[in-house]
Amino acid sequence: MARKANYLLQLTKFIQWPKALTPDNGSIEFCIFATTPSKEVFQKLHLRKSQNRIIHMNYIKQDRELAKCNIVFIHKFIPNDIIKKNYYSLISNNILTIGENSSFAKKGGIIEFNMTDKSVDIKINTKTASEANIHISTNLIEIASSVITQGSSD
């Protein structure tokens, strides 16, 4: 479980948001849904630093709280339709979405992140990232198992 938190922390180092959104001395607002199991994994990220910014963990209960987030992690038990339902809000608020569901990136999520005992599988939707004005380092794109260049597919 600590391994997952470490990988998520490392992922944040490969992301650039618009400067106005996250000034150099600002924080990174990392959000998960309050119903997400294993919240203690994510709590390990609270007050850690990435790109000289402090990470604040936020537990959201309703979709309308998404706007305060820089990153939203969508656990495999949260349905993918959260992306479809909130797509334009997520994009217009420059929110990086990371999810564990299969087809997460194909359905409009930005980073699909799955771990096994031996490996980490990352799929990246560069089209959605671009629409959200989020730059993903080519170093991360190069290690992704799949790069999706079209928008969401229903």
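Bear in mind these aren't lab numbers, they're just calculated from the coordinates by the rules spelled out. Treat the numbers as computed from the prediction; the structure is a model and nothing was measured. Cβ coordinates were reconstructed from backbone atoms using ideal geometry, including for glycine residues, and neighbour counts include every protein chain displayed.
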Given (1) out of contact with any Lys or Arg (no Cβ under 7 Å at 6 or more places or on another chain); (2) touching a residue at least 60 places away in the same chain (Cβ under 8 Å), number of the condition Met115 does not satisfy: (1)
Scan of segment 134-154 for residues that are in a loop (DSSP other than H, G, I, E, B) and buried (at least 21 other Cβ atoms within 10 Å of the Cβ), ordered by number: Ile134
Residues located in segment 97-126, provided they are within 25 Å of Lys68 (Cβ to Cβ) and among the basic types (Lys, Arg): Lys107
